[in-house]
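One structure is given here, and the rest of the page talks about it.
What follows draws every value from the coordinates through simple rules; no lab data is involved. Quick caveat, the model's predicted, so the values are computed rather than measured. Heads up, the Cβs are rebuilt from the backbone with ideal geometry, glycines too, and the neighbour counts pull from every protein chain shown.
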Amino acid sequence: MRRQEAKEPLVYYTELERRGLTGMLPKDTDPLQLLRQRGFISVELHRGRRFDYDLATELEHEGIEYQVKSLGPDESSPCPRLEFSLPHFVDDRVLLPDGRRGEREVRPSKRLTRQRYFGKYSDVIKVNSSLHTDQSIAQLQMIRGHGFIAWSGSIPSRSIDQFVRQGIEFAMRGYFGGDTVVYEVQLHGFIDDREEAD
């Protein structure tokens, strides 16, 4: 997923982890306040819990750009979770084969029927400009077919809730395009190469 411009000093996952600040949110905490302090929070999705629209709405109301990853269960957590981060957060938790650190990427879904390589943004956009659409009825179908969708206006709660309930991992970011919020959702296998073209 394309990085957003960081306006504050960078915060690294490994540093937060060393300080014990990467765990699930304690009860009765203000998630927006903790996100501002840490640049990263993790929210566990127990049975029946949905995407945190309240936090996304608060971030947008405050004019704060963000990224959220919806991650399934793994060795660090038996429940699905949402990880909210701000542009100055750097996910460096994965040790890559060449010794560098990389981010925890979204994994392929066992639920989607099209388990394939989606392609690069630069290639797909040439033949299908509808990667950017505000038509809510087409959003779920398009992301299943292309692995990426962008739109402006409001969060498509139906599509996002369906992904969260089905355990489909995705990365989403919200940023400001003029006077409206622009959302982008990306699945495993889609390559956002727009920064390479810049």
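Just a few scattered comments:
- Listed by chain and number, the aspartates and glutamates whose alpha-carbon sits under 15 Å from that of K120, ignoring those within fewer than 8 places in the same chain, are E184, D192, D193, E195, E196, D198.
- Under the simplified labelling scheme, the L25-D74 pair shows an inter-label distance of 2.1 nm, with each label point 7 Å from Cα along Cα→Cβ.
- Highest average first, the peptides 58-67, 14-23 ordered by how many other beta carbon atoms sit within 10 Å of their residues are 58-67, 14-23.
- Sorting the segments 186-195, 165-174, 95-104, 72-81 by their mean number of nearby beta carbons within 10 angstrom, highest to lowest, gives 165-174, 186-195, 72-81, 95-104.
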